[in-house]
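Before any comments, here is the structure.
The values are calculated or read from the model by the stated rules, or taken from the named source; none is laboratory data. Quantities reported herein were computed from a predicted structural model and do not represent experimental measurements. Ideal geometry is used to build each Cβ from the backbone, glycine not excepted, and the neighbour counts take in all protein chains shown.
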Amino acid sequence: MHHLSDEMRACIEKCLTCYSICLSMASGHCLEAGGAHVEAKHFRLMLACAEICRTSAHFMLLGTPHHRHTCAECAEICRECADDCERVGDMQACVDACRTCAESCEAMAA
């Protein structure tokens, strides 16, 4: 990772953290909690958020300028996921990770 700026390294870490939290909360917490936690729209959003976070980290690690596109989309999806997880409730770790990732990705997209 020697060719990456400190800001990009930090964004990669935030993306991978968000990926891990969204995926583990979806497959663990949400499936066990049931109800609103497993509504199709919410569950798909969490999985999409995890995947775009992983993809954005991957693009940054590749060093491709296309990371700006994935990071812009990642910021948008993370914000949507944070809002929805807040709506469903009892998912503060996901809300926090998504908002942190969104801010970082927004800076990388600029």
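Counting only residues that are touching a Lys or Arg at 6+ places or on another chain (Cβ under 6 Å) and either under 12 Å from residue 12 (Cα atoms) or part of a loop (DSSP other than H, G, I, E, B) (or both), how many does region 59-110 have? Of the residues in that region, 4 qualify.
Candidates 36, 50, 10: the one that is assigned to a helix (DSSP H, G or I) and surrounded by 19 or more Cβ atoms within 10 Å (Cβ to Cβ) is 50. Residue under question is residue 26, and the condition is that it be more than 12 Å from residue 101 (Cβ to Cβ), part of a helix (DSSP H, G or I), among the hydrophobic types (A, V, I, L, M, F, W, C) and in contact with a Lys or Arg (Cβ under 9 Å, 6 or more places away or on another chain); does it hold? Considered against the rule, which asks whether it is more than 12 Å from residue 101 (Cβ to Cβ), part of a helix (DSSP H, G or I), among the hydrophobic types (A, V, I, L, M, F, W, C) and in contact with a Lys or Arg (Cβ under 9 Å, 6 or more places away or on another chain), residue 26 comes out as no.
Taking the listed residues 81, 98, 105, 94, the one that is of a type outside the set (Val, Ile, Thr) and touching a Ser or Thr at 6+ places or on another chain (Cβ under 7 Å) is 105, with no other qualifying. Would you check if there is a residue in region 59-72 being surrounded by 14 or more Cβ atoms within 10 Å (Cβ to Cβ), over 17 Å from the mean Cα position of the chain (by Cα) and modelled with pLDDT under 95? Checking region 59-72: not a single residue is surrounded by 14 or more Cβ atoms within 10 Å (Cβ to Cβ), over 17 Å from the mean Cα position of the chain (by Cα) and modelled with pLDDT under 95.
Considering region 12-57 alone, what residues qualify as being β-branched (Val, Ile, Thr) and closer than 17 Å to residue 109 by Cα? Result: 12, 52, 55. Which one is farthest from the chain's Cα centre (by Cα), of the residues in region 91-103 that are in contact (Cβ under 8 Å) with a residue 24 or more places away in the chain and farther than 9 Å from residue 18 by Cβ? Of everything passing the filter in region 91-103, 91 is farthest from the chain's Cα centre (by Cα). Taken over region 38-56, residues that are under 19 Å from residue 95 (Cα atoms) and over 8 Å from the mean Cα position of the chain (by Cα) amount to 12.
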